[in-house]
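Below is one structure, written out as structure tokens, with a few remarks after it.
The values are calculated or read from the model by the stated rules, or taken from the named source; none is laboratory data. Predicted model only: the values in this text are computed from it and were never measured. All Cβ positions, glycine included, derive from the backbone under ideal geometry; neighbour counts span all protein chains shown. Surface accessibility is based on the protein's heavy atoms, side chains included, excluding ligands, DNA and RNA. Shrake-Rupley method; radii C 1.70, N 1.55, O 1.52, S 1.80 Å.
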Amino acid sequence: MSTEQQLNSNLIEQTKQQIRMLVNEIAQLSKSDIAPEEFYTEFLTKVVSALAAVGGVVWTLEEQGRLALQYQINLQQTGLHGNEEAQQQHSRLLRQVLTSGEPVLIPPHSGTAEGDDQTANPTDFLLVMGPVKTDLETVGLIEIFQRPDSGLNTQKGYLRFLGQMCDLAADFMKSRQLRHFSDRQVMWSRLEDFTRTIHGSLDPRLTAYTIANEGRRLIECDRVSVALAHGKKCRIEAVSGQDTFDKRSNTVRLLGELATRVVEVNEPVWYTGDTSSFAPQIEDAIHDYVDESHSKSVAVLPLLRPQPPEEEQDPDNPPPVQPPVGALIVEQIEDSRLPEQMRQRIAVVADHSSLSMANAMEHQSLFLMPLWRMIGKSKWLIEAKRLPKTITITAVVLILLIGMFVFPWDFELESNGTLEPELRSEVFARESGNIKKVLVRHGQEVGQGALLAEMLNVEVETRYREITGNLQATRERLRAQQYLNRSGRGGSSQEDRNRLGGEIQALEEEIISLKAQQTLYEEKKKDLKILSPREGRIVTWDIENLLDGRPVERGQVLMQVADTSGPWQLELQMPEDRMGYLINAQQETGEDLPVTFILATEPGKEFQGIIKETHYSAEVRGEEGNTVLIKVDISDVDQTELPNLMPGAEVKAKVYCGQRSIAYVLFHDLWAFIQSRVLFRF
């Protein structure tokens, strides 16, 4: 008997020790800085274990007095699920305990201590309930499902223990509230600094940089970018942590495309890896950007223009919806989550940024704002002691301006071009095939009709041999038929002689056809030999490597032969938008216009020429764009003075178009741009 009592004492001591350990763990847990969800899980698990209970629930009091289930253990065993009446009774019971503020024991299938039948315990378990209260309010409720077969003293022990645990849970909530209030105080301070800073300037670019850098500190994210709307497109104006960035880079370009798509739909986009709910255009844009930037989460919020107050709006004529002024882009490089707290901060930053950026854009769009700003900063010019200097400088500037519109100056149009021989020919391939052999080199002198290269066309060669073989066989058959006809061995009857004569005639016609085909393919074979169309020099560079063994098509240019000893000319590529000035000058003078040019090989010496031919069509030529070919006669130039004459030598020329005012000469390109792009937009 003593042994059994000793075992029971040891078991009780071990149980007490385990309960003390759980209580210590809960006490340590209440002092830790962990997420509420993690605390509720660990707390309820340890309380249920310490009480050896069936289960339990942690309820918290949310906004507007709503009870929210934070964590539960074995709630399904209570039978509340699916029983609406039982759920209502249980809910009223929870409300009453929260109102009383005291821990209570509710026996199974009974009302509360006040005897209210409407607040009954509809379960088969003993409910041990304890409210969690801070110094200011009740924030939650702990509910334990205990077996009902325990004694009264044991049940009172459950109640006392749960009351102590509720105090520990309250300590955790107090600490969290203090940290929350402290964080809110810091956040309000940061927000105040942020709003004061972003409203400190009306320059859109400076405002965008301030939003990007200060917004990143407030949101506590990896990167913030600001895109501004320019028409229907958005361009990235600022990136946090970067004073300058390449706006033509793929990353910046794709980010601008993403901002453009979001501004078009005028709805915020929160990307954390899933794009199934996005519009197709936004899904494509965000995939392209994420593939390039490797960001794990991206938030894009349109910066909306502020709406007028409701009292100033006409109910019958509501104001039109204004397009956003841009977009705020927030990114996380490593973390794919966007916590609710961060989302709230992003929304706050976007709201304040919308107002400051809209004000800056509206201020910048005022008519002649740069001029008014300059005038405002230049008041010191009209102060009494500086007024004489100001008048003198203004008079000098006016005289110079008047002189620019009165005094004439030579009006010349600049153009790039090349020095070319007048007599030159391009050598074309007259048949398709492969270059078998190149017989000339760059710079080699050749005569007219000289063999330049040989080509091989397998199809032509095969067909020629086939026709030659057929012709030879047909001739043999014809000789055999003629022999039979002469010797009379083909038959003595008239019918045999007629048949033999018909076969001889058919063979003769076939021979005529085969000869014609043979002649045709002999001509094709001749065309496989590339001959020089004129006497001159090969001016195509490195034609051996360019052509040897290469397949070419009929009509393809193979090389160029030029007479470098003959006369030379300039070929200028005059931009198409300057041809109007040149044609007007030709019509005014009625003569060919003089041209002054220099060679790239001798830039210090000028030469003279005269326009002799202007093409009537414009063509796209290389980097010059749409240009018109102008040929310039330089026969009056002593060719011995032209150093190292080379076909294709680069020249820079000026075409003299008479005299115009100095202002016209200096600003004619600007005036043409205004006429074509501003006054008359294509």
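Per-structure values
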{"item": "Boolean, R578 is of a type outside the set (S, T, N, Q) and either outside any helix (DSSP H, G or I) or on the phi > 0 side of the Ramachandran plot (or both)", "result": "no"}
{"item": "Number of positions in segment 201-244 that are in a loop (DSSP other than H, G, I, E, B), open to solvent by less than 50 Å² (accessible area, probe 1.4 Å) and more than 20 Å from V298 (Cα to Cα)", "result": "1"}
{"item": "Among residues of segment 224-249, those that are in contact with a Ser or Thr (Cβ under 9 Å, 6 or more places away or on another chain) and hydroxyl-bearing (S, T, Y), counted", "result": "2"}
{"item": "Any hit, segment 180-192, residues being open to solvent by less than 30 Å² (accessible area, probe 1.4 Å) and at pLDDT below 85", "result": "yes"}
{"item": "Complete set of residues in segment 482-503 that are open to solvent by 40 Å² or more (accessible area, probe 1.4 Å), in a helix (DSSP H, G or I) and not basic (K, R)", "result": "Q482, Y483, L484, N485, S487, Q494, E495, D496, N498, E503"}
{"item": "Long-range neighbours under 6 Å by Cβ, at least six apart or interchain, first residue over 12 Å from K174 (Cα atoms) within segment 22-38, second open to solvent by 40 Å² or more (accessible area, probe 1.4 Å) and of a type in the set (D, E)", "result": "L29/E42"}
{"item": "Qualifying residues in segment 75-95 (those that are open to solvent by 50 Å² or more (accessible area, probe 1.4 Å) and in a loop (DSSP other than H, G, I, E, B)) - the one nearest to V128 (Cα to Cα)", "result": "H81"}
{"item": "Test: A506 is assigned to a helix (DSSP H, G or I), modelled with pLDDT of 90 or more, out of contact with any strand residue (DSSP E or B) (no Cβ under 8 Å at 6 or more places or on another chain) and farther than 30 Å from F607 by Cα", "result": "no"}
{"item": "Total residues in segment 582-601, condition open to solvent by 40 Å² or more (accessible area, probe 1.4 Å) and either in a helix (DSSP H, G or I) or touching a Pro at 6+ places or on another chain (Cβ under 9 Å) (or both)", "result": "7"}
{"item": "Selection from segment 297-333 of residues that are farther than 14 Å from V262 by Cβ, surrounded by fewer than 18 Cβ atoms within 10 Å (Cβ to Cβ) and modelled with pLDDT of 75 or more", "result": "R305, P306, Q322, I333"}
{"item": "Test result for G604, open to solvent by less than 50 Å² (accessible area, probe 1.4 Å), more than 42 Å from the chain's Cα centre (by Cα) and more than 30 Å from W671 (Cα to Cα)", "result": "no"}
{"item": "Positions within segment 272-289 being under 17 Å from E331 (Cβ atoms) and open to solvent by 20 Å² or more (accessible area, probe 1.4 Å), in sequence order", "result": "T272, G273, D274, F278, H287, D288"}
{"item": "Residues within segment 139-173 that are among the small types (G, A, S), in a helix (DSSP H, G or I) and out of contact with any Lys or Arg (no Cβ under 9 Å at 6 or more places or on another chain), tallied", "result": "3"}
{"item": "Close pairs from segment 77-100: first within 25 Å of E137 (Cβ to Cβ), partner open to solvent by 40 Å² or more (accessible area, probe 1.4 Å) and in a helix (DSSP H, G or I), Cβ under 7 Å, at least 6 apart", "result": "R92/Q118"}
{"item": "Residues of segment 642-672 classified as open to solvent by 50 Å² or more (accessible area, probe 1.4 Å) and closer than 16 Å to V595 by Cβ, total", "result": "4"}
{"item": "Failed item, numbered, when I512 is tested on (1) within 30 Å of R554 (Cβ to Cβ); (2) open to solvent by 50 Å² or more (accessible area, probe 1.4 Å); (3) over 60 Å from the mean Cα position of the chain (by Cα); (4) touching a residue at least 12 places away in the same chain (Cβ under 8 Å)", "result": "(4)"}
{"item": "Any hit, segment 420-433, residues being of a type outside the set (D, E), over 30 Å from E602 (Cα atoms), outside any strand (DSSP E or B) and open to solvent by 30 Å² or more (accessible area, probe 1.4 Å)", "result": "yes"}
